[in-house]
Amino acid sequence: MRAEGAVTGFESEVYRKDRSRFWMSEDAIAIRDRTDRLIGFYGTVIDVTARKRAEEASALARIDPGLLGKSGPPDSSAVRAYQGQARFARHLR
C-alpha cells in the first residue's frame, strides 16, 4: 500500500471485537500531502463471508459430493451474497 498507493480486492479473514471471524474485501488508496508524505488511507470494506463460505462448500463438494448431503449446493443467495459495505478513512497523525 505504501509503495503502490492503492490496493484493490484484497481479501482477508479478520476478527471482530467479540473475537468472531469474518472475511472482508478491501479497496483503498493512500492519501498524501503536497510533499508526498503519507497522511492516511481512504477506501471501502465489504463483508464477503457468505461468498467465501459458499466457495468453500463448493470446493468441498467437488472433493466429496457426499459432504453436502441431500440438501444440495448452497442456495443462490449465499453465492450472490453482499452483506454490507463500510467506508473508512484513517489518518496517521
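The values are calculated or read from the model by the stated rules, or taken from the named source; none is laboratory data. This structure is a prediction, so every number in the text was calculated from the model and none was measured. All Cβ positions, glycine included, derive from the backbone under ideal geometry; neighbour counts span all protein chains shown.
Taking segment 19-44 as the range and being under 18 Å from the mean Cα position of the chain (by Cα) and outside any strand (DSSP E or B) as the test, the residues that pass are ARG19, SER20. For the condition surrounded by 10 or more Cβ atoms within 10 Å (Cβ to Cβ), among the hydroxyl-bearing types (Ser, Thr, Tyr) and modelled with pLDDT under 75, TYR42 does not qualify.
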